[in-house]
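The values are calculated or read from the model by the stated rules, or taken from the named source; none is laboratory data. In this text the structure is predicted, and so the values were computed from the model without any measurement. Neighbour counts are summed over all protein chains in view; Cβ atoms, including those assigned to glycine, are modelled from backbone coordinates with ideal geometry.
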Amino acid sequence: MSPTAAEGARFQFASDQSLLVSFGSKITRGAHQQVLRLLRLLESEPVAGVRNLHPAYCSLLVKFDPLRLRHEDLQAILQQYLTRLEDVKLPEPRLVEIPVCYGGEYGPDLLDVCALHKLTPEQVIELHSAATYLVYFLGFVPGFAYLGELPDALITPRLPTPRRKVPAGSVAIAGNQTGVYPVATPGGWRLLGRTPLAMFRPEREGLSLLAIGDHVRFVPISPGQFAALERA
Amino acid sequence: MSEIHVQAPGLLTTVQDLGREGFGPLGVSPSGAADAISLRIGNRLVGNAEGAAALEMTLLGGTFVFPQGAVFALTGSDFGATLDEAPVQLWASCVARPSQLLRVGPTRSGARCYLCVHGGIAVPLFLGGAATHLLSGLGGHEGRGLRKGDVLQIGPTNTPFRKRTLSPHARERLSPRKVLRVTPGPQHEWFSDAARRAFLSSTYCVTEESNRMGLRLEGPAISSASAGDTSTNDGNTGEMITEGVALGAVQITAAGLPIILFVEQQTTGGYAKLANVISADFHSLGQLRPRDEIRFEQIAWDTARSLLIEQEELLSSLDLILES
């Protein structure tokens, strides 16, 4: 993998204080592995002058102090890191189960999604909760995990007009992705249900329930169970 | 410990420092002062470390009482402040005697005014920083803008009052710009020459929907027709894949209108980015108000770097702050 990673990566100046490293231009588990390995290597052996890292599907944005580093210097350092990706030891992914109350007031788009795919609510819930998803990365807002891939039968376009406010805990789909809104934000994904779990809590170790590289399964629960878990 | 009592909060007043870097992998953007230069200078005027926490006021300032007195400075835009009815000099350290009333009014120039106090604003740190992150309700004072009746603690104070003012020369050179300098964005090749020329020759208006997450602009729409064209974007499949986004990124929405990502930005995004505002002009973004008209000027990478170095040299020069 190492020669491929070093040669296959593409560098772009994103701003005068950031460099974008891309591993191809397709969402693949292979590209995700490269992103995760480079992220872990930069976390365990930080580069002086690097301030922040923004992982995504097949790229990592590296933000640096432009008074200490130039793009060219950083690129040379990262080229060296790329030759060592093979040596990065990744732990076995954790499997995190997320309880979801589907439909009703919690999933106002469930019936529209059913209509779009000519499926019953039971079939949509079964499809969404049977799959095991990968956390490609956390982004957009604190603790928002981009999960893939959705079963082909559930691939659905975004809402034509985003909602002004999506409630925290909403479990949603868009394209071949699914995710959980950790905080109330505007959003254009279609809402299938809601989890009573807090996805992002300042007092929690690691803050976010999910981390990049985790595996996730959704577990259907009843409104009664939702209320009980919410109180817990 | 000394306190600040909030009698009126103003339109949006938050506790800010220079932001918390390093939490991009969790989706947490740095937040921090929208006009970091005004915060840094304000802190130096009152004898604090540059990054001490202060209050950032937006368009309309608040009314504050210092029951035990305080040394403070107002920096940024002129909000017509008074201390017990007497005008307060901007960009200078001042003394408030116990129970004096600081009234900060509506802006007469840009979007933001900073109230820095000697000792700094003491709030519980979140991820090592004091900055308020409004969207997630974290950091700062209870993760939110200030309200009437809030009581803020002032950190430990030690040095005696010195009258300090910002040199007029530095003030002139650091004044906010309406022509923002940019470097090319990661997807600039997705846009036609005509679209790029239109972007650089047009005047854009800052809309009311702008906030600390992003500045939404109105003006001639930019066509990004090539974004879906597989032949023009260097092997890209033509579909924009969500990627990390830089502070100051100028992303072009489906409607062809620019959004400049700002201090409380989303950490990743799926719109094509045509340009990126240079670091030396970030503080100017923090002073833009709704209905302000701005333009963009493209410069070379080396120039962007030189401008930032010059700005930092000015900020560290010995004659930046005058003492009397």
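Points to keep in mind about this one:
- Members of region B:226-265 found to be at pLDDT 95 or above and not in a strand (DSSP E or B), listed by number: B:Val245, B:Ala246, B:Leu247, B:Gly248, B:Phe262, B:Val263, B:Glu264, B:Gln265
- Some residue of region A:134-151 being within 14 Å of another protein chain (Cβ to nearest Cβ), touching a residue at least 24 places away in the same chain (Cβ under 8 Å), surrounded by 16 or more Cβ atoms within 10 Å (Cβ to Cβ) and acidic (Asp, Glu): yes
- The listed residue being at pLDDT 95 or above and loosely packed, with under 15 Cβ neighbours inside 10 Å, out of B:Arg291, B:Arg295, B:Arg305: B:Arg291
- Qualifying position, being hydrophobic (A, V, I, L, M, F, W, C), crowded, with 20+ Cβ neighbours inside 10 Å and more than 10 Å from chain B (Cβ to nearest Cβ), among A:Leu60, A:Leu53, A:Leu38: A:Leu38
- Strands (runs of 3 or more DSSP E) wholly inside region B:272-324 that include at least 3 residues being more than 14 Å from chain A (Cβ to nearest Cβ): B:293-298, B:321-323
- Of all the numbered requirements in (1) over 26 Å from B:Pro290 (Cβ atoms); (2) more than 14 Å from chain A (Cβ to nearest Cβ), B:Val104 misses one, and that requirement is (1).
- Residue check for B:Leu135: within 25 Å of B:Phe282 (Cα to Cα) and assigned to a loop (DSSP other than H, G, I, E, B): yes
- Boolean, B:Gly42 is in contact with a Phe, Trp or Tyr (Cβ under 9 Å, 6 or more places away or on another chain) and either in contact (Cβ under 8 Å) with a residue 60 or more places away in the chain or buried (at least 24 other Cβ atoms within 10 Å of the Cβ) (or both): yes
- Of the strands (runs of 3 or more DSSP E) lying entirely inside region B:1-87, those containing at least 2 residues that are of a type in the set (A, V, I, L, M), assigned by TED's automatic domain parsing to the domain that holds B:Gly129 and under 19 Å from B:Pro156 (Cα atoms) span B:54-58, B:70-76.
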